[in-house]
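The values are calculated or read from the model by the stated rules, or taken from the named source; none is laboratory data. Remember, predicted model here, so these are calculated numbers, not experimental data. Cβ: placed from backbone, ideal geometry, glycine included. Neighbour counts: every protein chain shown. Just so you know, the surface numbers come from the protein's heavy atoms only, side chains and all, with ligands and any DNA or RNA stripped out. Shrake-Rupley method; radii C 1.70, N 1.55, O 1.52, S 1.80 Å.
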Amino acid sequence: MQALTERQVRRSFVNCSRGEADGLTLPRDFAALDWAALDLLGWRDPKAPLRGYLVLETDGGPVGLSVRAADTRMSVRTAAMCQLCETPRTGDAVSLFTARRAGEAGRNGNTVGLYVCADLACSARVRTEIPPWLRERDPVEVVAERSAELRTRAQGFLDAVRR
Ligand SMILES: [Zn+2]
């Protein structure tokens, strides 16, 4: 994705208040991010344990989603899969995140939920953690495909939040 400034990130949120967006904590390594290697920017708030954020690149510019992790976790012995990057994980590494829907629906308490890597680092994971069943194929092709699919699924989540 294209590099964003802190201001662009804070202005991009569609499902939280301006105050929340101004108060959120950016990723610790924000200044050193390799934007070209990201399909989306996802991170957990270093100062608010259950809060996380996803910022997507769309035709209309960057769009940010504020999400909240469930405070219960699955067992380490459960097999789970992230619904964004489709990397197989143990249950404790995946969290149910809910996003308040945009606009009036969100103000009425409507949310959309998705099981996602607990650290929201799906963008790195599509490149570094190739599932066993894809390891026989050309790695460059596999990464390109996983990366495109991650963007499509994230866009689908965004569409559900905005619907
Ligand atoms: Zn993931």
Residues that are in a strand (DSSP E or B) and more than 11 Å from the ligand (Cβ to nearest atom), drawn from the range 99-125: A99, R100, T111, V112, G113
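Yes or no, residue by residue, for (1) of a type outside the set (K, R); (2) within 17 Å of the chain's Cα centre (by Cα); (3) modelled with pLDDT of 95 or more; (4) more than 18 Å from D45 (Cα to Cα):
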{"position": "R68", "(1), (2), (3), (4)": "no, yes, yes, no"}
{"position": "M74", "(1), (2), (3), (4)": "yes, no, no, yes"}
{"position": "C82", "(1), (2), (3), (4)": "yes, yes, yes, yes"}
{"position": "G109", "(1), (2), (3), (4)": "yes, no, no, yes"}
{"position": "A121", "(1), (2), (3), (4)": "yes, yes, yes, no"}
{"position": "L150", "(1), (2), (3), (4)": "yes, yes, yes, yes"}
Does L134 satisfy being open to solvent by less than 20 Å² (accessible area, probe 1.4 Å), hydrophobic (A, V, I, L, M, F, W, C) and either more than 13 Å from the ligand (Cβ to nearest atom) or closer than 18 Å to C16 by Cα (or both)? no
A37 passes all but one of (1) surrounded by 20 or more Cβ atoms within 10 Å (Cβ to Cβ); (2) out of contact with any strand residue (DSSP E or B) (no Cβ under 8 Å at 6 or more places or on another chain); which number fails? (1)
Can you work out which of the residues in the range 75-91 that are within 14 Å of the ligand (Cβ to nearest atom) and without any contact (Cβ under 8 Å) to a residue 40 or more places away in the chain is least open to solvent (accessible area, probe 1.4 Å)? G91
Exclusive hit being closer than 21 Å to S12 by Cβ and buried (at least 16 other Cβ atoms within 10 Å of the Cβ), set R163, R153, R107: R153
Regarding the range 49-68, can at least one residue be identified that is among the β-branched types (V, I, T), within 14 Å of the ligand (Cβ to nearest atom) and either open to solvent by 60 Å² or more (accessible area, probe 1.4 Å) or at negative phi (or both)? yes
Looking at L96, L40, which is the one that is in contact with a Gly (Cβ under 9 Å, 6 or more places away or on another chain) and within 16 Å of the ligand (Cβ to nearest atom)? L96
Please find, among R163, R107, R153, the residue that is over 21 Å from M81 (Cβ atoms) and either without any contact (Cβ under 8 Å) to a residue 12 or more places away in the chain or in contact with a Leu (Cβ under 7 Å, 6 or more places away or on another chain) (or both). R107
So, in the range 1-34, exactly how many residues are open to solvent by 70 Å² or more (accessible area, probe 1.4 Å) and in contact with a Gly (Cβ under 9 Å, 6 or more places away or on another chain)? 2
Considering only the range 139-146, I want to know if a residue exists there that is basic (K, R) and either touching a residue at least 60 places away in the same chain (Cβ under 8 Å) or open to solvent by less than 80 Å² (accessible area, probe 1.4 Å) (or both). yes
Would you check if there is a residue in the range 77-90 being in contact with a Ser or Thr (Cβ under 9 Å, 6 or more places away or on another chain), assigned to a loop (DSSP other than H, G, I, E, B) and over 25 Å from R163 (Cβ atoms)? yes
